[in-house]
Amino acid sequence: MHTYLVTGGAGFIGSNYIHYMFKKYGDDIRIINVDVLTYAGNLENLRDIENKPGYSFVKADITDKAAIEKIFADNPDIDRVVHFAAESHVDRSIRNPEVFVQTNVMGTAVMLNAAKAAWELPDGTFKPDHKFLHVSTDEVYGTLPDDDNAYFYETTPYDPHSPYSASKAGSDMLVKSYMDTYKFPANITNCSNNYGPYQFPEKLIPLMINNALNGKKLPVYGDGLNVRDWLYVEDHAKAIDMVQEQGRLFETYNIGGHNEKRNIEIVNIIIDTLREELDDSDPRKAYVTKDLITYVEDRKGHDRRYAIAPDKIKSEIGWEPETMFKEGIRKTIRWYFDHEDWMKNVTSGDYQKYYETMYNV
Ligand code: NAD
Ligand code: DAU
């Protein structure tokens with residue numbers, strides 16, 4: 001039986017991962033979710049499992065060395081760390097880079113050091129079968145040319161452009177340095193864009209769904225032709241678990257959906273799917289149309305194209321994405337339909353201020 005310390009488990013991917021893990025392993029695992037609950041962290045995402053005997057929540061900041069060391073000291077059975085906690089939104093990093101360095105770089109350093117101290121044996125080796133998985137992004141590789149044949153491989157040199165991706169690249173390098181220097185038992189995963197339930201509506205897909213349903217403009221940056229490689233979040237959760245259990249230690253694995261789409265295509269698919277899902281008698285059907293699309297000023301330093309080559313994870317571990325985009329986007333839209341209160345709660349208060357400043361409205 002493994003005991004997991006999951007950081008950032010109240011966020012989008014972390015909460016989906018915790019759901020996935022309990023669905024897969026039932027009572028055979030313990031998960032300690034450590035999250036400081038920034039604007040992006042929401043315990044509502046975990047309401048249905050909060051009373052599970054194997055689950056516990058600790059509100060703590062990953063940059064708080066004493067708090068993180070105490071969690072390891074209080075739970076000597078922790079033998080898995082899955083590190084999601086981060087500032088994750090590129091646009092916010094362009095406006096306010098410092099917190100990205102603090103959380104993503106310093107926070108990762110604290111997590112590595114605390115796990116190393118808890119797991120290291122007197123001879124400098126580590127307790128057997130103890131593993132740290134660092135969840136990272138394809139954005140560390142920079143951008144690809146607008147060419148359908150170019151892909152990011154694990155060997156692609158790092159070339160981050162935004163403060164977000166630079167801070168994630170820094171955190172990846174720290175993990176790598178612990179593996180190289182101490183033989184610290186870890187893996188790094190670099191994943192493409194996720195979508196699915198519980199995603200905060202600052203990111204493209206939930207923002208467009210929420211705006212459309214409220215008859216608000218759909219702000220497409222630049223020419224709308226930037227490409228992202230979209231993966232259903234549950235497929236990412238499964239990949240993380242498979243890498244941790246079946247991957248070779250010290251290796252990096254790219255995770256991606258082979259599902260590259262231009263942003264404008266995504267927005268069109270969202271509108272088409274929303275219209276199919278809305279009842280003819282629903283008054284929103286009158287305004288959920290492509291007339292809502294509006295082109296706005298481009299993101300500064302906007303990376304043109306991301307595309308993951310998931311060959312290594314497929315050949316070594318046998319992971320492949322399972323959810324086709326057509327099916328995944330419909331499931332996602334239905335989830336947002338069924339969770340209107342969730343959306344209302346997360347878009348009240350500070351979100352309005354963020355939206356007005358970010359989009360000049
Ligand atoms: P998110 O912003 O939805 O969630 C981040 C979580 O981390 C929140 O619950 C937040 O409260 C918590 N957190 C932030 N700062 C913290 C701190 N100092 N201490 C403790 N907790 C803190 O992010 P996400 O989209 O779920 O991304 C999770 C991870 O996956 C990140 O590391 C991100 O870089 C990576 N990633 C995301 C994507 C994507 O498409 N969203 C793709 C690839 C990789
Ligand atoms: O590639 C993985 C990364 O994907 C993760 O590491 C990040 O944490 C995650 O936020 C995501 O980054 P992106 O910048 O690609 O995602 P975002 O949803 O912010 O934007 C997707 C694309 O849509 C991007 O080209 C910018 C564009 N966009 C975004 C918003 C919010 C718009 O055109 N309009 C918008 O309002």
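The values are calculated or read from the model by the stated rules, or taken from the named source; none is laboratory data. Owing to the predicted nature of the structure, the values given are computational and were not obtained by experimental measurement. Quick reminder, even Gly has a Cβ in these numbers, built from the backbone with ideal geometry, and neighbours come from all protein chains shown. These area figures cover heavy atoms from the full protein model, side chains too; ligands, DNA and RNA do not enter into them. Shrake-Rupley method; radii C 1.70, N 1.55, O 1.52, S 1.80 Å.
Numbers at a glance
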| quantity | calculated |
| --- | --- |
| Positive-end residue of Gly54, Met1, Phe12, charge dipole of segment 1-101 with Cβ unit charges | Phe12 |
| Centre separation in Å (Cα based) which lies between segment 13-88 and segment 150-200 | 20 Å |
| Solvent-accessible surface ranking, highest first, for Glu276, Glu69 at 1.4 angstrom | Glu276, Glu69 |
| Per residue accessible area in Å² of segment 36-86, where ligands, DNA and RNA are left out and the probe is 1.4 Å | 49 Å² |
| Average accessible surface area per residue within segment 147-289, 1.4 Å rolling probe, Å² | 36 Å² |
| Shape call, segment 171-320: gyration tensor on alpha carbons, a/c limit 1.5 | prolate |
| Within segment 1-144: Cβ-based charge dipole about Cα centre, in debye rounded to nearest 20 (Lys, Arg +1; Asp, Glu -1) | 120 debye |
| Whether segment 159-212 is rounded, prolate or oblate, judged on the alpha carbon gyration tensor where a/c under 1.5 counts as rounded | prolate |
| Accessible-area value, Lys183, 1.4 Å probe, nucleic acids and ligands omitted, Å² | 120 Å² |
| Carbon/sulfur fraction of accessible area - segment 159-238, other protein chains in place, 1.4 Å, % | 54 percent |
| Percent accessible area from carbon and sulfur atoms, segment 1-111, protein chains only, probe 1.4 Å | 53 percent |
| Beta bridges by DSSP in the chain, antiparallel share as percent, to the nearest 5 | 10 percent |
| Sorted largest first, extent of segment 267-361 alpha carbons per principal axis (Å) | 49, 38, 27 |
| When each of Lys203/Lys261; Lys59/Lys331; Lys59/Lys176; Lys238/Lys314; Lys168/Lys331; Lys24/Lys116 is checked by Cα-Cα distance, pairs over 23 Å | Lys59/Lys331; Lys59/Lys176; Lys168/Lys331; Lys24/Lys116 |
| Amide H partners (placed H, <5 Å) of Val220, local residues excluded | Thr294, Tyr295, Val296 |
| Of Gly107, Gly196, Ser171, farthest towards positive along the dipole that unit charges on Lys, Arg, Asp, Glu beta carbons give segment 100-207 | Gly107 |
| Accessible-area value, Glu265, 1.4 Å probe, nucleic acids and ligands omitted, Å² | 80 Å² |
| Bridge type composition, segment 9-165 - antiparallel percent by DSSP, nearest 5 | 10 percent |
| For segment 100-219, alpha-carbon Rg relative to the globular expectation (2.2 N^0.38 Å, N residues) | 1.34 |
| Cβ charges +1 (Lys, Arg) and -1 (Asp, Glu), total dipole of the chain, debye | 360 debye |
| Probe 1.4 Å, protein heavy atoms only - accessible area per residue of segment 319-359 in square angstrom | 59 Å² |
| Rounded to the nearest 10 Å², the accessible area of Leu204 at probe 1.4 Å | 50 Å² |
| Segment 231-289: trypsin sites (Lys or Arg not before Pro) in DSSP loop, at most 13 other beta carbons within 10 Å | Arg248 |
| Contact order relative to length of segment 47-187, as percent, for alpha carbon pairs under 8 angstrom and 6 or more apart | 28 percent |
| Average projected area [Cα convex hull, the chain], square nanometres | 17.6 nm² |
| Relative contact order of the chain, pairs being alpha-carbon contacts under 8 Å that are 6 or more residues apart, as % | 17 percent |
